[in-house]
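**Q** Please read through the structure below; I'll follow up with questions.
The values are calculated or read from the model by the stated rules, or taken from the named source; none is laboratory data. Small disclaimer: the values here were computed from a predicted structure and weren't measured. Cβ sites come from the backbone with ideal geometry, for glycine too, and all protein chains shown count toward neighbours.
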């Protein structure tokens, strides 16, 4: 049995989400500093997230076929590093979209296959996933605080260099991971990937998770600009981002103790209801500092809890030889379709309706999603388990 390289896996999660922090937190201001409009920024980031629709499944299929899934992760990291170098060029809008599309093709090889690889290393200790994944959240927090402090005094032009540096270190660490030749236990049901996707519970869960990601569009693309427009500094914006992910860290530390005994459908619905409240209040009261702080703490549920439920859902529904493609389909539907539509639609809404109204629309959609989840996922294998 391959030993679990927990420290190196945690380090890679930390670096991956440090780069995510740089992109989510500062792509908006960076592209704005280059002269792009809100609609163009939304479309460009929509292209980046849209690359997740197809790319993860292709990489996932390759990962299921190769004896060592780690190679797919390494290819993704190296390709992302080269593609990120294009952001150093003087790009027009079309060039920006193409650069982000290429970056996304390789970037999307990483996380779904890395999640699957981590679960393969863990084997029967799969419930420890959150305790390793939490280092991604810690990396996000550290980078968001550091970059918020940095961009208070330094031009946004350094952003691509920071991304390239993070990816180069990731590539070096990935080369030290032990090879893990995965063997698949037979799926007792004998169903293939098509049969799983034809199941209504699977389709509805993907829709619910995708809608939740869609409503994070205004947050992921425009939150930094939104709070800066309401008088917060770049460093304060970074602190708010870090606070939300800190709450997520606490949840990731606690949840592994209970993940197998919880009714995950109930946790999912509660998290969606809290998400609806979060978007409603942040759209209505962005100037109330203490309230914005409290709302950022809800990120533990609106992302952390829902992501943990989703990973467990994929583990239960896509075991063995279906694991890589199942994780890739989840990534493609949720972060690809949901994320792309969320980024694009939020950019259009932001320019035509304004920030507050865009968050209010997100609140309405999230509330409706909670209702769908409660009534439609009763047979989704989300009940407590004793193993």
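**Q** Does residue 295 count as assigned to a helix (DSSP H, G or I), at pLDDT 90 or above, surrounded by fewer than 20 Cβ atoms within 10 Å (Cβ to Cβ) and out of contact with any strand residue (DSSP E or B) (no Cβ under 6 Å at 6 or more places or on another chain)? Outline the logic, then answer.
**A** On the way: assigned to a helix (DSSP H, G or I): yes; at pLDDT 90 or above: yes; surrounded by fewer than 20 Cβ atoms within 10 Å (Cβ to Cβ): no; out of contact with any strand residue (DSSP E or B) (no Cβ under 6 Å at 6 or more places or on another chain): yes.
No, not satisfied.
**Q** On to the next question. Is it true that some residue in the stretch 269-288 is modelled with pLDDT under 90 and buried (at least 22 other Cβ atoms within 10 Å of the Cβ)? Let's see the steps before the verdict.
**A** At the first step, the residues of the stretch 269-288 found to be modelled with pLDDT under 90 are none.
No: zero hits.
**Q** Kindly establish whether residue 87 is farther than 23 Å from residue 333 by Cβ, more than 20 Å from the chain's Cα centre (by Cα) and in contact (Cβ under 8 Å) with a residue 12 or more places away in the chain.
**A** Spelling it out, residue 87 is indeed farther than 23 Å from residue 333 by Cβ, more than 20 Å from the chain's Cα centre (by Cα) and in contact (Cβ under 8 Å) with a residue 12 or more places away in the chain.
**Q** Please enumerate the residues belonging to the stretch 35-64 that are surrounded by fewer than 18 Cβ atoms within 10 Å (Cβ to Cβ), closer than 21 Å to residue 92 by Cβ and in contact (Cβ under 8 Å) with a residue 60 or more places away in the chain.
**A** Correct list: 37, 39.
**Q** Considering only residues that are outside any helix (DSSP H, G or I) and more than 19 Å from residue 87 (Cβ to Cβ), which ones fall in the stretch 124-162? So that I can check it myself, show each step before the final result.
**A** Filtering the stretch 124-162 for residues outside any helix (DSSP H, G or I) gives 151-155.
Once the filter is applied, which keeps residues that are outside any helix (DSSP H, G or I) and more than 19 Å from residue 87 (Cβ to Cβ), the stretch 124-162 yields 152, 153.
**Q** If you don't mind, another one. Checking the condition over 20 Å from residue 147 (Cβ atoms) and either in contact with a strand residue (DSSP E or B) (Cβ under 6 Å, 6 or more places away or on another chain) or at pLDDT below 90 (or both), which residue from 42, 28 passes?
**A** Within the list 42, 28, the selection yields 42.
**Q** Moving on to the next point. Take the stretch 333-387 and flag every residue that is part of a loop (DSSP other than H, G, I, E, B) and either surrounded by 15 or more Cβ atoms within 10 Å (Cβ to Cβ) or in contact (Cβ under 8 Å) with a residue 24 or more places away in the chain (or both).
**A** Of everything in the stretch 333-387, those that are part of a loop (DSSP other than H, G, I, E, B) and either surrounded by 15 or more Cβ atoms within 10 Å (Cβ to Cβ) or in contact (Cβ under 8 Å) with a residue 24 or more places away in the chain (or both) turn out to be 377, 378, 379, 380, 381, 382, 383, 384, 385, 386, 387.
**Q** Among the numbered criteria (1) assigned to a helix (DSSP H, G or I); (2) touching a residue at least 24 places away in the same chain (Cβ under 8 Å), which single criterion is violated by residue 176?
**A** The number of the failed condition is (1).
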